[in-house]
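Note sheet for the following structure.
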Amino acid sequence: MSPVAQHEFSRIALLSELPGEKLTKLGERMQRERFAPGEAIVTEGDPGDRFYVVLSGMLTVDQRDRGPRRMLRTGDYFGEVALAMGVPRTASVRALTPSVIASCDRATFDELIRPLFA
């Protein structure tokens, strides 16, 4: 897994508030993954242990009881609810197109990203 370059975060509005040195640190700690169309990224009810940003592609968010909820595109993020509230995943996320996602663990989220939600 290659680190995520600072410029790749430029389309993620949430992360634009981070100073350069924190973006660099975040990029070094994030894992980049590729997903094929139809492939699941997270599943509703699973433990929430990572935060995700969409670097490219389109994804769908579904809930068992409510069906399709919304689409995620380049620049969107997900996974913050499970991490911030300490609850299982509240929805499933699946790739609709070939997608590249970057994710970080709970410690990185708590240190660098959680303060952006305050």
Residue check, Ala40 modelled with pLDDT of 90 or more and among the hydrophobic types (A, V, I, L, M, F, W, C): yes
Complete set of residues in segment 25-51 that are part of a loop (DSSP other than H, G, I, E, B) and either touching a helix residue (DSSP H, G or I) at 6+ places or on another chain (Cβ under 8 Å) or under 11 Å from Ala102 (Cα atoms) (or both): Met30, Pro47, Gly48, Asp49
Among the residues listed as Leu112, Leu72, the single one being surrounded by 16 or more Cβ atoms within 10 Å (Cβ to Cβ), within 20 Å of Ile12 (Cα to Cα), among the aliphatic types (A, V, I, L, M) and out of contact with any helix residue (DSSP H, G or I) (no Cβ under 7 Å at 6 or more places or on another chain): Leu72
Lone unmet requirement of (1) buried (at least 19 other Cβ atoms within 10 Å of the Cβ); (2) farther than 14 Å from Gly75 by Cα for Val54: (2)
Qualifying residue in segment 41-51 (condition: surrounded by fewer than 16 Cβ atoms within 10 Å (Cβ to Cβ), polar (S, T, N, Q), under 21 Å from Ser10 (Cα atoms) and touching a residue at least 40 places away in the same chain (Cβ under 8 Å)): no
Residues located in segment 82-118, provided they are within 19 Å of Thr24 (Cβ to Cβ) and polar (S, T, N, Q): Ser103, Thr108
Selection count, segment 52-73, where residues are free of Cβ contacts under 8 Å to residues at least 40 places away in the same chain, part of a strand (DSSP E or B) and either more than 11 Å from the chain's Cα centre (by Cα) or over 16 Å from Pro98 (Cβ atoms) (or both): 9
Test: Thr97 is among the hydroxyl-bearing types (Ser, Thr, Tyr), in contact with a helix residue (DSSP H, G or I) (Cβ under 6 Å, 6 or more places away or on another chain) and touching a residue at least 12 places away in the same chain (Cβ under 8 Å): no
Count - residues of segment 81-118 that are within 15 Å of Arg50 (Cα to Cα), part of a helix (DSSP H, G or I) and among the aliphatic types (A, V, I, L, M): 8
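The values are calculated or read from the model by the stated rules, or taken from the named source; none is laboratory data. Note that this is a predicted model, so its numbers are computed, not measured. Glycine also receives a Cβ, built like all others from the backbone with ideal geometry; neighbour counts cover every protein chain displayed.
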